[in-house]
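The block underneath contains the structure these notes are about, expressed in structure tokens.
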Amino acid sequence: MLTVILFRIFLLLAVGIIIFSLIKYTLDPRRKLERAYHNGYFYLLDDPDNVRKNVLFTFRNALFEAEKFLGPADDSFEVTSIIVSSEDIDQLHGLNRRDFHFIEKELRLRYPKADIQWRSPISNLLKRLERQGK
């Protein structure tokens, strides 16, 4: 009789752990980032309270990573510099200057005092697009 009760308790615990794991998996922000990446829409994954944690975001099937740097701003320390890069250059195909301005606008909404810089090859692409007037 005792073994049956223990078996039922362990079975309930196992079902509870499985349900908890499924809920945690579906609500994971990294999963939302991957879904946005595959569907081609904008999604920003950020922890605004943790300056050391980089910002990951996706836009039009391109994945970007942004490093945040803390500095003095007015009367407090805030994020004053953001450097954006992309691992895969091929993902940038089809992006125009308007798309990069949209990304800058979204980052400025979250970090209004930050100076946004683009790493090479994105900075080279932006310079070339400005010269062409696109």
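Numerical summary
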read-out: Subset of region 125-134 that is loosely packed, with under 10 Cβ neighbours inside 10 Å and assigned to a helix (DSSP H, G or I) - its residue that is modelled with the highest pLDDT; value: ARG131
read-out: Qualifying positions in region 1-56 - surrounded by 11 or more Cβ atoms within 10 Å (Cβ to Cβ), hydrophobic (A, V, I, L, M, F, W, C) and either outside any strand (DSSP E or B) or at positive phi (or both); value: LEU33, ALA36, PHE42, VAL51
read-out: Scan of region 65-86 for residues that are without any contact (Cβ under 8 Å) to a residue 40 or more places away in the chain, open to solvent by less than 20 Å² (accessible area, probe 1.4 Å) and among the hydrophobic types (A, V, I, L, M, F, W, C), ordered by number; value: VAL79, ILE82, VAL84
read-out: Every pair of residues 6+ apart whose Cβ atoms lie under 9 Å, when the first sits in region 1-29 and is under 30 Å from LEU45 (Cα atoms) while the second is among the basic types (Lys, Arg) and at pLDDT below 95; value: TYR25/ARG31
read-out: Candidates ILE122, ILE89 - the one that is open to solvent by less than 40 Å² (accessible area, probe 1.4 Å) and either in contact with a strand residue (DSSP E or B) (Cβ under 9 Å, 6 or more places away or on another chain) or among the hydrophobic types (A, V, I, L, M, F, W, C) (or both); value: ILE122
read-out: Failed condition for ARG97, given (1) surrounded by 15 or more Cβ atoms within 10 Å (Cβ to Cβ); (2) touching a strand residue (DSSP E or B) at 6+ places or on another chain (Cβ under 8 Å); value: (2)
read-out: Pairs where the first residue, in region 101-114, is open to solvent by 100 Å² or more (accessible area, probe 1.4 Å) and the second is outside any loop (DSSP other than H, G, I, E, B), C-beta under 9 Å, 6+ apart; value: ARG110/LEU44; ARG110/VAL55; ARG110/VAL79
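The values are calculated or read from the model by the stated rules, or taken from the named source; none is laboratory data. Since the structure is predicted, the reported quantities are computational estimates derived from the model, not experimental observations. Positions of Cβ are generated from backbone atoms using ideal geometry, with glycine treated the same way; all protein chains shown enter the neighbour counts. Calculation scope for accessible area: heavy atoms of the full protein, side chains included, ligands and nucleic acids excluded. Shrake-Rupley method; radii C 1.70, N 1.55, O 1.52, S 1.80 Å.
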